[in-house]
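Note sheet for the following structure.
Quick note: the coordinates plus some simple rules give every number you see, no bench work behind them. What you see is a predicted model, and the numbers here were worked out from it, not measured in a lab. Cβ: placed from backbone, ideal geometry, glycine included. Neighbour counts: every protein chain shown.
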Amino acid sequence: MLDIPLRPTTGSDFAHAVVAGLSQPQKVVPARYFYDRRGSELFEEITRLPEYYPTRTEIGLLEAHGADIARLVGARRAVVEFGSGSSTKTPLLLRHIDAAAYVPIDISAEFLEESAAALAAAHPGLDVRPVAGDFTRPIALPVAVRARPMLGFFPGSTIGNLDHAGAVDLLRAFRETLGADARLVIGIDRRKNPRLLEAAYDDAAGVTAAFNLNLLERINRELDGDIPVDEFEHRAMWNDDCGRIEMHLVALHDMSFHAAGRRFTIRGGETIHTENSYKYTPEEARLLARASGWEPLAAWSDPAGLFGLYVWRA
Ligand code: AVJ
């Protein structure tokens with residue numbers, strides 16, 4: 001199975017991924033399965049934690065550089081947001097740029113309609129055209145906006161969940177979706193002191209631990225599992241060779257359990273690898289742009305150099 005971390009999920013898809021992932025020598029469950037209802041709630045909570053700097057730092061950068069972005073992208077573009085979710089950062093962009101249309105793309109159709117309606121109400125005159133679909137493949141944009149120059153928006157360092165090859169593939173698909181003369185505004189978390197990273201992914205209040213462990217609870221709920229969740233522990237560690245934070249669930253002792261109609265065994269100390277979050281220096285972000293057919297136009301960071309906000313052109 002080709003594993004594309006950001007690809008949306010269905011029930012049987014989840015079962016297949018869990019069976020395949022738990023059958024490997026290094027057990028793994030792809031990070032995209034974190035986001036059931038409970039997981040999405042816990043992630044919202046993570047974004048407000050004192051240790052989790054990315055969300056508030058990126059919001060600060062969008063506020064500080066909205067006018068610069070507007071100058072670089074020009075007027076009357078169609079803004080295409082990849083994985084728009086609840087579109088919480090979109091108003092920060094729309095406040096500054098004179099957009100003609102907004103195309104939120106998300107896999108969850110109901111969520112999408114709700115947030116699109118709210119956005120349309122708040123921006124009279126903006127042509128809002130939600131697309132329910134999988135943005136990891138080149139996707140046809142609504143006919144009504146096709147003639148417009150496009151501005152892609154991909155905040156949140158979601159790109160960090162993919163390995164380097166996967167990131168290049170995704171950014172190439174964006175380029176294909178957005179067409180000639182496109183621009184892309186993308187947020188990418190920076191490499192930094194591993195201690196800061198490890199705190200951001202293992203907070204004192206234990207919210208990230210609950211987020212990680214919820215994956216096992218989700219397996220139990222949805223795949224008829226009997227995993228003893230209390231006998232696993234959250235671990236976040238910086239992998240310097242790969243330039244990524246890894247999240248694992250560590251088995252506290254030897255055990256066996258069932259899920260999706262199969263039996264699995266795990267040794268004490270063995271882990272289930274649940275997430276990679278790749279971090280990029282500004283130079284690495286520039287290389288990523290170039291490798292995927294984009295030309296860097298601007299790069300901003302906060303004074304502490306925690307997070308990167310980039311504007312690229314096709
Ligand atoms: C949503 C993938 C950007 O990697 O920081 C947060 C997910 N995982 N805390 C990230 C996450 C643990 C987040 N992304």
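How many nm separate the modelled label positions at residue 126 and residue 205, each set 7 Å beyond the Cα in the direction of the Cβ?
2.8 nm
Rounded, prolate or oblate, given the Cα gyration tensor of the range 1-130, with a/c below 1.5 counting as rounded?
Prolate, because a/c is 1.5 or more and a/b exceeds b/c.
Restricting the count to DSSP beta bridges whose residues both fall in the chain, what percent are antiparallel, rounded to a multiple of 5?
65 percent
Let me know the charge dipole size of the range 7-58 about its Cα centre in debye, to the nearest 20, where only the beta-carbon of Lys, Arg (+1) and Asp, Glu (-1) is charged.
Roughly 140 debye for the range 7-58.
Report, in deg cm²/dmol and to the nearest 500, the calculated mean residue ellipticity at 222 nm for the chain, where each DSSP H run with n ≥ 4 adds -39500 (n - 2.57) and the sum is divided by the residue count.
Computed mean residue ellipticity for the chain: -11000 deg cm²/dmol.
Run the reach check for residue 192 against lysines, Cα to Cα strictly under 22 Å, same-chain hits fewer than 8 apart removed. What comes back?
Straight-distance partners of residue 192: 279.
Hey, how many Å between the Cα centroid of the range 16-49 and the Cα centroid of the range 66-90?
After rounding, the separation between the Cα centres reads 28 Å.
Sort largest first and round to whole Å: the equivalent ellipsoid semi-axes of the range 183-283, each the square root of five times a Cα gyration tensor eigenvalue.
30, 15, 12
On the Cα set of the chain, report Rg and Dmax in Å, please.
Cα only, the chain: 19.8, 61 Å (Rg, Dmax).
Contact order normalised by length for the chain, with contacts defined as Cα pairs under 8 Å and 6 or more residues apart; what percent is it?
Averaging sequence separation for qualifying contacts and normalising by length gives 20 percent for the chain.
Quick one: work out Rg over Rh on the C-alpha atoms of the range 104-215, Rh as Kirkwood radius.
We get a ratio of 1.04 for the range 104-215.
Only four residue types carry charge here, +1 at the Cβ of Lys and Arg and -1 at the Cβ of Asp and Glu. Report the dipole size of the chain about the Cα centre in Debye, rounded to the nearest 20.
1120 debye
Take each of the peptides 141-149, 109-117, 268-276, average the number of other beta-carbon atoms within 10 Å over its residues, and list them starting from the highest.
Highest-to-lowest ranking by the protection proxy: 268-276, 109-117, 141-149.
Among 207-213, 292-298, how do they line up by average Cβ neighbours within 10 Å per residue, starting with the highest?
So the order, starting with the most tightly packed, is 207-213, 292-298.
For the range 233-307, what is the convex hull volume of the alpha-carbon atoms per residue, in Å³?
150 Å³
Dipole magnitude of the range 187-314 about its Cα centre, charges +1 at Lys/Arg Cβ and -1 at Asp/Glu Cβ only, in debye to the nearest 20?
Approximately 540 debye in magnitude.
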